[in-house]
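Written below as structure tokens is the structure these notes are about.
The values are calculated or read from the model by the stated rules, or taken from the named source; none is laboratory data. Owing to the predicted nature of the structure, the values given are computational and were not obtained by experimental measurement. Cβ coordinates were reconstructed from backbone atoms using ideal geometry, including for glycine residues, and neighbour counts include every protein chain displayed. Surface accessibility is based on the protein's heavy atoms, side chains included, excluding ligands, DNA and RNA. Shrake-Rupley method; radii C 1.70, N 1.55, O 1.52, S 1.80 Å.
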Amino acid sequence: MVSAQVKVINETGLHARPANQFVKEAVSHRGCSVSIRKGGRSFNGKSIVSVLSACVKCGDEIEIVADGEDEEQALAELVAAVESGLGE
């Protein structure tokens, strides 16, 4: 299991469109589970409903956790996606 802290920079936080981009990236890593930790709670990074329920806003710090066969690559790609604003 690997994890990293990252600051959400896009104005809408992890709202519908950027959350969908995050989930698509997470799902592409089939052999790996992905979660987001925020405020002491953990959310399934491969579920749009779960990611949206995290209520991540611009400027929030989240922890991305990856666990599985390609966890290092999954974490690096997810962190890069969040740092680049998830397409927004």
Evaluate the following for Gly59: is it out of contact with any helix residue (DSSP H, G or I) (no Cβ under 7 Å at 6 or more places or on another chain), on the phi > 0 side of the Ramachandran plot and surrounded by 15 or more Cβ atoms within 10 Å (Cβ to Cβ)?
-> no
Could you check, for segment 62-70, whether at least one of its residues is of a type in the set (Asp, Glu) and closer than 15 Å to Gly13 by Cβ?
-> no
Filter segment 29-49 for residues that are over 11 Å from Glu63 (Cβ atoms) and of a type in the set (A, V, I, L, M); the one that is farthest from the chain's Cα centre (by Cα) is Val49
Hits in segment 2-36 - residues which are among the charged types (D, E, K, R) and either open to solvent by 70 Å² or more (accessible area, probe 1.4 Å) or more than 19 Å from Glu77 (Cα to Cα) (or both) = Lys7, Glu11, Arg17, Lys24, Arg30
Failed item in (1) in contact with a Gly (Cβ under 9 Å, 6 or more places away or on another chain); (2) over 12 Å from Leu86 (Cβ atoms); (3) basic (Lys, Arg), with Arg41 passing the rest | (1)
Which residues, counting only those in segment 1-27, are in contact (Cβ under 8 Å) with a residue 60 or more places away in the chain, of a type outside the set (Gly, Ala, Ser) and under 18 Å from Ser42 (Cβ atoms)?
-> Met1, Val2, Val6, Val8, Leu14, Phe22
Applying the selection to segment 1-48, what residues are at pLDDT below 90 and of a type in the set (Ser, Thr, Tyr)?
-> Thr12
Residue count, segment 37-54, condition in contact with a Leu (Cβ under 8 Å, 6 or more places away or on another chain) and either assigned to a helix (DSSP H, G or I) or open to solvent by 60 Å² or more (accessible area, probe 1.4 Å) (or both), comes to 2
Looking for whichever is under 9 Å from the mean Cα position of the chain (by Cα) and charged (D, E, K, R) here; the options are Glu88, Glu63, Glu83, Glu72. Which one fits?
-> Glu63
Given (1) modelled with pLDDT of 95 or more; (2) surrounded by 14 or more Cβ atoms within 10 Å (Cβ to Cβ), number of the condition Asp70 does not satisfy = (1)
